[in-house]
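The next block holds one structure in the form of structure tokens; read it before the comments.
Just so it is clear, none of the values below were taken in a lab; they were calculated from the coordinates. Only a predicted model underlies this, so the values are computations on that prediction, with no experimental measurement involved. With ideal geometry, Cβ positions are generated from the backbone for all residues, glycine too; neighbour counts draw on all protein chains shown.
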Amino acid sequence: MKTIKTVLITTALLATSPLFANTAVNASANAEVKTGEQGVLHSITSGVSNTAHKAGEGIQHTAEKVDQGVAVGVDKTRSTSKKVWDGTKTFTEETTDAVKDKAEDAKDFTVEKTKDTKSYVGGKTDKVKSFSKEKWQKTKDALTPASGSTGIQGGAQAEVSTPVAKASVGTNVEASTAQ
């Protein structure tokens, strides 16, 4: 997430830099000397004028080169920013697809394990029922007398303890039959 934010901010800054660049440069140089006579003073005046004119042309030429360099830099920055942005979008799409695939796999795995658990617990429940039924029948057969009188005494005690409450229940049974 930090990488995406960094790429987006860098792209925005690089893409907007031409808006802040001042690429217009104006330069001028003027030199004027007035004299009434031709001669040394006229030669100096011409020399100064020529030098000023050449300096002005040099400055203008340099300003044009700087302007062209800035324009080329802006174009390169723009194309590079576009490439980086396209790469970021592609990466984001691929990552999103991968996350969706992993989530789908996790969901399928969970559903499968839930089904396995249900079938395992269901099988155990059936075994417990049949075991209890067999034991009950044996107990019933053992307690049923062939004939005569019988007596039985039984007691049961149950305790339930939870974080909220504690309960204790007890029962005693005495029964006798005569046949």
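Results, tabulated for the structure shown:
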{"item": "Cβ-placed point charges (K, R +1; D, E -1), dipole of segment 62-179 about Cα centre in debye, nearest 20", "result": "400 debye"}
{"item": "Label-point separation in nm, Glu134 to Thr96, each point 7 Å along Cα→Cβ", "result": "6.0 nm"}
{"item": "Summed residue charge, Cβ within 14 Å of Glu112's Cβ, Lys/Arg positive, Asp/Glu negative", "result": "0"}
{"item": "Spatially proximal lysines relative to Lys129 (Cα-Cα < 29 Å; intrachain offsets below 8 disregarded)", "result": "Lys113, Lys115, Lys118, Lys138, Lys140, Lys166"}
{"item": "Mean separation of Cα contacts under 8 Å, 6 or more apart, over the residue count of segment 45-179: relative contact order %", "result": "14 percent"}
{"item": "12 Å beta-carbon shell around Gly122, net charge (K/R +1, D/E -1)", "result": "+3"}
{"item": "Packing-based exposure ordering (other Cβ within 10 Å, fewest first) of Val48, Val164", "result": "Val164, Val48"}
{"item": "For segment 96-101, 3J(HN,Hα) per residue [Karplus equation, 6.51 cos²θ - 1.76 cosθ + 1.60, θ = phi - 60°, Hz, x = Gly/Pro]", "result": "4, 4, 5, 5, 4, 4"}
